[in-house]
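Below you'll find the structure, written out as C-alpha cells, and then a few comments.
The values are calculated or read from the model by the stated rules, or taken from the named source; none is laboratory data. From a predicted model like this one, the values you see are computed outputs, not experimental measurements. Cβ placement follows ideal geometry from the backbone for every residue including glycine, while neighbour counts extend to all protein chains displayed.
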Amino acid sequence: MKPTLTPTTPSSLEVPAAPRRPLRRFGADLRRFFPYVTTSAAASLKTDVSSSHLGWLWWILEPLLFMMVYTFIALVVFQRSMPYFPVFVFIGLTVWQFFNRNVTQSVTLMRHSRGIIRKVYIPKQMLMLEALSVNAFKSLISLALVFVLMPFFKVPFPVRVWQILPELLLLVLFTFGFSLILMHVGVYVGDLSNAIHVILRLFFYLSGVFYDITSRVPAPWNYYLVRVNPVALVMASMRSSLLYQTDPDWIWLGGWTLVSAVLVALAIQLVYKQENSYAKVL
Amino acid sequence: MEHTDPSSAITVRGLKISYRTVRSFSFKTIFSKKHNMNRYEALHGVDFDVRRGEILGVIGENGSGKSTLLRALAGIFSPDEGYVNTHGANVSLLAIGVGFQKELTGRENIMLSGLLLGFDKKTIREKTDEIIEFSSLQRVIDSPVSTYSSGMYSKLAFSITAVLEPDILLIDEVLSVGDRRFRKKSARRMRELISNADRTVVLVSHNLESIRRLCSRVLWLDAGEVRMIGDTDAVLAAYEEYMD
C-alpha cells in the first residue's frame with residue numbers, strides 16, 4: 001500500500017498566487033515538522049549523553065561547578081556578596097547558559113546542517129527550534145536544581161514563583177528571535193562565529209551573572225543596564241521572584257516581551273524569504 | 001497567468017538560478033568592492049513540463065546545470081526568476097543518509113531520516129520492518145550506526161529512501177551501493193521505483209544506457225539552457241553526435 005505522505009516541499013516555488021503569511025506558514029510548518037523537531041532534539045540529547053563517561057550528569061555538574069567557580073571569585077577574590085549568593089549566581093548561570101548556547105550555535109547552525117539543507121527542504125526555523133529545544137531541556141534541569149538548592153541555602157519559600165513564567169517567556173522569545181537573525185547572518189558572514197565569542201563575553205559581564213548590577217553599578221547606569229539588556233532583565237526579575245519576594249519591573253518586562261515577539265515575527269519572515277539561498281552559499 | 005498543461009506533474013517556466021549575490025564574505029572584505037560581486041548563472045530561463053507518470057531523463061555535460069535544476073525542483077534552491085510548480089504533489093530528491101546521527105541505532109535513524117524526508121511517524125513505523133528486511137541488517141539494526149561499515153551504512157540509507165516512496169522522485173545518478181548482491185538488489189528496486197506508472201521521475205545521469213532504458217523523454221541541458229527536449233532516441237542521438 002502506498003504510504004501517506006506529508007509534503008516535504010512547497011507545492012509551488014514561484015509566487016503565482018499570493019504567498020501565505022509568514023506566521024501562518026510557520027504555524028503549519030511547525031505542526032508538520034514538530035515530530036522531526038522533537039525526535040531530532042531527543043536524538044541530540046542522547047548523542048550528548050553517549051559521547052561522555054558521565055553522560056547526563058554533566059547537565060547537572062556543569063552549572064553546579066560554574067556556580068562554585070563564580071561564587072569563589074566573587075566571595076574570595078572580590079569579597080562581594082548578596083543574600084543567598086550561590087543561588088543568586090546559579091539563577092544567573094541558568095539564564096545565561098540558555099541564551100549563550102543558542103546564540104553560539106545559531107551562528108554556525110546552517111554550516112553544520114549543510115548535509116541536510118543541500119539534500120532536502122526543511123524550513124530552516126525548524127533547525128533552530130531543534131537546537132533551542134535541546135538547550136531548553138538542559139536549562140530546565142538547571143532550573144529544577146535552583147529549587148533543590150533553595151532550601152539548602154535557607155531561601156524562604158518563593159510565593160511569587162509563578163512570576164518566572166512570563167520571565168521565561170521573554171527569555172525564550174528574545175533568544176529565538178535573536179538566534180534566528182544570527183543564524184541568517186552567519187550564512188553570509190564567515191567571521192561572525194569568531195566575533196560572536198567576543199560579543200557574548202561582553203554581554204556576559206554586562207548581564208550581572210555573578211554580581212548585582214543594581215547595587216554594584218553607579219546610578220543612573222545601573223537602572224538602564226538592567227533594563228536595556230533583556231537577558232539581564234530576565235536574570236534580575238527571576239532573582240526578584242525566587243529569592244527576594246519582590247515584583248519585577250513589569251513595564252519593562254512587558255515591553256521587552258512585545259519587542260521580542262515582533263523580533264521573532266520579523267526573523268521568521270526574513271528566514272522564509274532568504275532560506276532557499278542558503279544552500280547556494282554553503 | 002501562464003497556461004499549463006493539466007496533465008503536467010511539474011511545470012517549469014523561465015527558471016533562472018544564479019549564485020550572484022550569495023557569496024560568503026569575511027569582515028576583511030566588507031570594505032572591498034570585490035565582495036559579493038561574483039555572479040554565476042547556472043540556469044538561464046529554462047521551460048519544460050513533466051507529465052504525470054513520466055520518466056524524464058536529464059543529460060548534459062558537467063556544469064550544464066543538471067544538479068541545480070534538480071535542487072530547484074526539490075525546493076532546495078529558490079528561483080531567481082521564473083517558477084517551478086509541482087501542482088501540490090510531494091517531491092523528494094533521492095537523498096541517501098540524510099539527517100543520520102552516527103551515535104543513534106539504525107532503527108532510530110530510520111525514524112529520524114524518514115521524518116526529515118517528510119513522512120509521518122505512523123507511516124515510518126509501518127515501513128520500518130520492510131526497510132530493515134530490505135537492508136539485510138536485522139542483526140545490527142539496534143546497534144549505533146557508528147559501528148557500521150561504510151557498505152552497511154549505505155545499505156541502510158538506500159533502503160530508507162527506496163522503501164518510503166514519494167509521488168515525484170528526483171534522482172541525481174542512479175544509485176548503486178553496497179556489495180555485489182546488494183547492488184543488484186538496489187538496482188532492481190530502483191527500476192521498480194522508477195517504473196511505477198503512478199510515479200513521476202526526473203532522472204539525471206551521465207549513463208546514457210540507463211537513460212535509454214528507463215526514460216520516455218529526455219531533456220538536454222547545455223550551459224544552463226534547454227538545448228533539446230523530446231523523444232529519448234532523438235535527443236540521445238543528437239547528444240551523442242555533439243559529444244563525438
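B:Met1 falls short on exactly one of the conditions (1) aliphatic (A, V, I, L, M); (2) modelled with pLDDT under 55; (3) closer than 22 Å to B:Ser67 by Cβ, and that condition is (3). Loosely packed, with under 15 Cβ neighbours inside 10 Å, out of contact with any strand residue (DSSP E or B) (no Cβ under 7 Å at 6 or more places or on another chain) and modelled with pLDDT under 65 - does that describe any residue in the range B:62-75? No: zero hits.
Six or more apart or on different chains, Cβ under 7 Å: which pairs go from a residue in the range A:21-43 that's more than 9 Å from chain B (Cβ to nearest Cβ) to one that's not in a helix (DSSP H, G or I)? Could you list them? Here the result reads A:Asp29/A:Pro123, each pair linking the range A:21-43 to a residue that is not in a helix (DSSP H, G or I). Restricted to the range B:186-196, and to residues there that are surrounded by fewer than 13 Cβ atoms within 10 Å (Cβ to Cβ) and modelled with pLDDT of 75 or more, the residue that is farthest from the chain's Cα centre (by Cα) is B:Arg188. Scanning the range B:126-185 for residues that are of a type in the set (Asp, Glu) and at pLDDT 80 or above yields a count of 5.
Annotation note: of B:Ile59, B:Ile124, B:Ile132, the sole residue that is surrounded by 24 or more Cβ atoms within 10 Å (Cβ to Cβ), out of contact with any Lys or Arg (no Cβ under 7 Å at 6 or more places or on another chain) and in contact (Cβ under 8 Å) with a residue 24 or more places away in the chain is B:Ile59. A count restricted to the range A:198-256 and to residues that are more than 30 Å from A:Phe152 (Cα to Cα) and in a loop (DSSP other than H, G, I, E, B) stands at 5. On inspection, A:Thr108 passes the criterion of being touching a helix residue (DSSP H, G or I) at 6+ places or on another chain (Cβ under 9 Å), among the β-branched types (Val, Ile, Thr) and under 30 Å from B:Leu94 (Cβ atoms). Looking only at the range A:169-187, which residues are more than 10 Å from the chain's Cα centre (by Cα) and farther than 15 Å from A:Val95 by Cα? A:Leu180, A:Ile181, A:Leu182, A:Met183, A:His184, A:Val185, A:Gly186, A:Val187 - these are the residues of the range A:169-187 that are more than 10 Å from the chain's Cα centre (by Cα) and farther than 15 Å from A:Val95 by Cα. Looking across the range B:73-123, the residues that are assigned to a helix (DSSP H, G or I), over 14 Å from B:Ser159 (Cβ atoms) and more than 7 Å from chain A (Cβ to nearest Cβ) come down to B:Leu73, B:Lys122.
Scanning the range A:99-113 for any residue that is within 17 Å of the chain's Cα centre (by Cα) and among the charged types (D, E, K, R) turns up at least one such residue. For the range A:90-99, the criterion of being over 23 Å from A:Ser139 (Cβ atoms) and modelled with pLDDT of 90 or more is satisfied by no residue at all. Taken over the range A:192-207, residues that are modelled with pLDDT under 90 and more than 21 Å from A:Ala267 (Cβ to Cβ) amount to 1.
Between A:Val87, A:Val120, the distinction of being more than 18 Å from the chain's Cα centre (by Cα), under 18 Å from A:Asp212 (Cβ atoms) and not small (Gly, Ala, Ser) belongs to A:Val87 only.
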